[in-house]
Amino acid sequence: MNISEVTERISRKLEAKGAQPDRQKIESRLRRLVEEFGVNLAEAERSVTADLAREYKVSGLGNTSTELRPISEITPGEWVTIEGKVVALTPPLSPSIAQSGIIADSSGAIRFVTWTRSNVPPMEFGHWYRIESAVVDVYRGAPNLKIHSGTTISRLEEDAPLLPSITPIADLKPGVGSVRAKVIQDWEVTNDRMLQTGLLGDESGIIKFVIWKDEDKENLEPDTVYNIYYATVDEYNGRLSLVLNTAMYIADEGDIEVGRNETESRGALVHVAQGSGLIKRCPVEGCNRTLSRQNYCPVHEIQPNFRYDLRIKAVLDDGNRARNVLMQREIVEKLASITLEEAIQIAETNPLGMDEIFYRIGNAVLGRYYTCNGSEFGGRLLVNSCTPIRFDPGELAALLNRAGGEPA
Amino acid sequence: MRSQTTFEREPARRVFAAEFRETRYQFKDGDDEKSPTYVIFPTGIRSNRVFIVGTLTEKQRQGDQNVFYRGRVVDPTGTFFIMAGSYQPEAMQQLARIEPPAFVAVVGKPNLFTTQDGNCLVSVRTESITVVDRETRDLWVLDTARSTLDRLDAFGTTDDSRKAMEEYGTQVPHIYRKIVYDALTQVQM
């Protein structure tokens, strides 16, 4: 590809639209970009084409991006043309953004932003648009459609019915997602701007959700199934959460058997982390956070009327993978042969206090083999049951066969 | 999907003393000061943490200003040398409290030291040590036998084991299958 070829191509495109471009002018513009400014030719072609398209007031040029693409197939780094319906508009985060929201077609949905400088007419909620030569990049780990000055937007008159495709929670990716899920936990909000937060679950898994305060946003009812269309899927520290402010949600009939996604893990307990043993919890209803030694809750400050609890944060390791596990009181009591009451008694009379319980529990479980069953959440196995592995002579025999059975 | 920022703890490899003792090859994964250091065991797997269970037969306090403990942990194939110094205060105090002989479970980092005359001394820098029972010891022998056999089955097919083959020779599967067998015969039915 050289400059004259590109010049030819741009001229033809413009001529096809009824303009009479000056080839020399095109070529000198290309040359200036490529030779003086070190722009690569493909980018120069795009930019000169877009400039001229505006000069001659023609649209639908783009370069390689005029081909209509399903939203679900576009990937970051591409110039694309899509047709979609504006299914959410969100308040812009910065004055340089004119509009932000979600645009969807039948294949999927993507977040978009329109730069103020681009001077494109605002899009209206609920209408279909054709967006030509927008660019896809990544914002906070999710694909994002940027509408800039080279983008052409035209409103489509059609109003095709749009049925969002529902994604199982376990398959959600950062970006935009629609789910059918049940509200399984309603947590106390920790922030003035937050309306509601908790957990949603479907057959495939569970996910945290957040609704920020907004005029027309309503709370979700606990234990109710909702169809949630076009929620924003955020990623933070490798964990996903759903923000419902961009979403429409409607209560649905029926019930969901929330998949606990139970997994089994076998291995040796190789590490017991700080924060295991006897702990103090915040007594404020719905809080339950762990208090520091000085009885300080990160949200409710000093809480002298805490309640005690037992837990183990540990690592279960099978030699190939080390896995974080979290065990609640009933399981700890069984594994360490100590009840909560006994632990409190010891902690209050022993000079080492709560540390004594930490050491006792460590000595009871460290280095032992266990089978743990539970659900994985936030990179941790929440253990529902845990049984010590017993010696099995059958296994010994099988291994002897394996080691000696093959020709040495 | 796992983001790159998520920290993944290194698994604790299962290895018999007879294999551990032969370890010669050490490398650093990356140029950063904090990049992990691995050893490659003769059966062909990288490790920067091990889990061993055996009998603590002996322990010794050493050093005056910098107190540290050495110990010997015996499994059916040989002896592990373990140590715990002031950089592992918890482990050192745990070890100080245990009276040999006792079954112990040890989690720690493999440590390679080359003497002036070119000998390699391999030991375990202890992260934690706990007294366990005989059943746990037997379970560990089964577990370690299984892991070792798995590695032997894959010998020559993974990057780490090809490196091990260069370093330790092609006789590895032959030698270690026999060691695994002998170790298993010492476990009571």
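So which pairs qualify, if the first residue must be in the range B:134-156 and under 14 Å from B:K178 (Cα atoms) and more than 7 Å from chain A (Cβ to nearest Cβ), the second must be part of a helix (DSSP H, G or I) and open to solvent by 10 Å² or more (accessible area, probe 1.4 Å), the Cβ gap must be under 7 Å, and the two must be at least 6 apart or on different chains?
Short answer, once both residue conditions are applied: B:T148/B:Y176; B:L152/B:P173; B:L152/B:Y176; B:L152/B:R177.
Which of the residues spanning the range A:23-42 are open to solvent by 70 Å² or more (accessible area, probe 1.4 Å) and part of a helix (DSSP H, G or I)?
Answer for the range A:23-42, where residues must be open to solvent by 70 Å² or more (accessible area, probe 1.4 Å) and part of a helix (DSSP H, G or I): A:R23, A:Q24, A:K25, A:R31, A:R32, A:E35, A:E36.
Applying the selection to the range A:92-104, what residues are touching a Lys or Arg at 6+ places or on another chain (Cβ under 9 Å) and open to solvent by 20 Å² or more (accessible area, probe 1.4 Å)?
Once the filter is applied, which keeps residues that are touching a Lys or Arg at 6+ places or on another chain (Cβ under 9 Å) and open to solvent by 20 Å² or more (accessible area, probe 1.4 Å), the range A:92-104 yields A:S96, A:A98.
This table checks each residue for (1) touching a residue at least 40 places away in the same chain (Cβ under 8 Å); (2) more than 12 Å from every other protein chain (Cβ to nearest Cβ).
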position	(1), (2)
B:A17	yes, yes
B:E22	yes, yes
B:K28	no, yes
B:K34	no, yes
B:G44	yes, yes
B:R49	yes, no
B:T57	yes, yes
B:Y69	no, yes
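Go through the range A:348-358 and count every residue that is surrounded by 14 or more Cβ atoms within 10 Å (Cβ to Cβ) and among the charged types (D, E, K, R).
1
Would you confirm whether or not the range B:5-15 contains a residue that is under 20 Å from A:R368 (Cα atoms), within 14 Å of chain A (Cβ to nearest Cβ), among the acidic types (D, E) and surrounded by 14 or more Cβ atoms within 10 Å (Cβ to Cβ)?
The answer is yes; a qualifying residue exists.
For residues that are more than 8 Å from chain A (Cβ to nearest Cβ) and not aliphatic (A, V, I, L, M), tally how many sit in the range B:120-133.
Number satisfying all stated conditions: 5.
Take the residues of the range A:216-269 that are exposed (fewer than 15 other Cβ atoms within 10 Å of the Cβ), in a strand (DSSP E or B) and acidic (D, E): which is farthest from the other protein chains (Cβ to nearest Cβ)?
Only one residue fits best here, namely A:E262.
Collect the residues in the range A:307-333 that are assigned to a helix (DSSP H, G or I) and touching a strand residue (DSSP E or B) at 6+ places or on another chain (Cβ under 8 Å), keeping them in residue-number order.
Once the filter is applied, which keeps residues that are assigned to a helix (DSSP H, G or I) and touching a strand residue (DSSP E or B) at 6+ places or on another chain (Cβ under 8 Å), the range A:307-333 yields A:R329, A:I331, A:V332, A:E333.
Just wondering, is there one or more residues in the range A:50-57 that are open to solvent by 50 Å² or more (accessible area, probe 1.4 Å) and in a loop (DSSP other than H, G, I, E, B)?
Yes, the range A:50-57 has at least one match.
Yes or no, residue by residue, for (1) under 30 Å from A:G238 (Cβ atoms); (2) in contact with an Asp or Glu (Cβ under 7 Å, 6 or more places away or on another chain); (3) free of Cβ contacts under 8 Å to residues at least 24 places away in the same chain:
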{"residue": "A:N119", "(1), (2), (3)": "no, no, no"}
{"residue": "A:E132", "(1), (2), (3)": "no, no, no"}
{"residue": "A:V136", "(1), (2), (3)": "yes, yes, no"}
{"residue": "A:T167", "(1), (2), (3)": "yes, no, yes"}
{"residue": "A:L195", "(1), (2), (3)": "yes, no, no"}
{"residue": "A:L200", "(1), (2), (3)": "yes, no, no"}
{"residue": "A:G205", "(1), (2), (3)": "yes, no, no"}
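Name the single residue that is farthest from the chain's Cα centre (by Cα) among those in the range A:116-165 being in a strand (DSSP E or B) and within 25 Å of A:V179 (Cβ to Cβ).
The selected residue is A:W128.
A quick yes/no check of all residues on (1) without any contact (Cβ under 8 Å) to a residue 24 or more places away in the chain; (2) out of contact with any helix residue (DSSP H, G or I) (no Cβ under 8 Å at 6 or more places or on another chain):
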{"position": "A:H300", "(1), (2)": "yes, yes"}
{"position": "A:R311", "(1), (2)": "no, no"}
{"position": "A:I331", "(1), (2)": "no, yes"}
{"position": "A:L352", "(1), (2)": "yes, no"}
{"position": "A:F358", "(1), (2)": "no, yes"}
{"position": "A:A364", "(1), (2)": "no, no"}
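If I filter the range A:290-306 down to residues being in a strand (DSSP E or B) and among the hydrophobic types (A, V, I, L, M, F, W, C), which single residue comes out as nearest to the other protein chains (Cβ to nearest Cβ)?
Of everything passing the filter in the range A:290-306, A:C297 is nearest to the other protein chains (Cβ to nearest Cβ).
Can you find even one residue in the range A:276-283 that is in contact with a strand residue (DSSP E or B) (Cβ under 8 Å, 6 or more places away or on another chain), among the aliphatic types (A, V, I, L, M) and under 18 Å from A:I331 (Cα atoms)?
So far as the range A:276-283 goes, yes, one or more of its residues are in contact with a strand residue (DSSP E or B) (Cβ under 8 Å, 6 or more places away or on another chain), among the aliphatic types (A, V, I, L, M) and under 18 Å from A:I331 (Cα atoms).
Anything in the range A:359-408 that is part of a helix (DSSP H, G or I), closer than 27 Å to B:F7 by Cα and open to solvent by 50 Å² or more (accessible area, probe 1.4 Å)? List them, or say none.
A:Y359, A:N363, listed by residue number.
The values are calculated or read from the model by the stated rules, or taken from the named source; none is laboratory data. Keep in mind it's a predicted model, so treat the numbers as computed, not measured. When we count neighbours, we look across all protein chains shown, and the Cβ atoms used for this are built from the backbone with ideal geometry, even at glycine. Quick note on the areas: whole protein, heavy atoms, side chains included, nothing else; ligands and nucleic acids left out. Shrake-Rupley method; radii C 1.70, N 1.55, O 1.52, S 1.80 Å.
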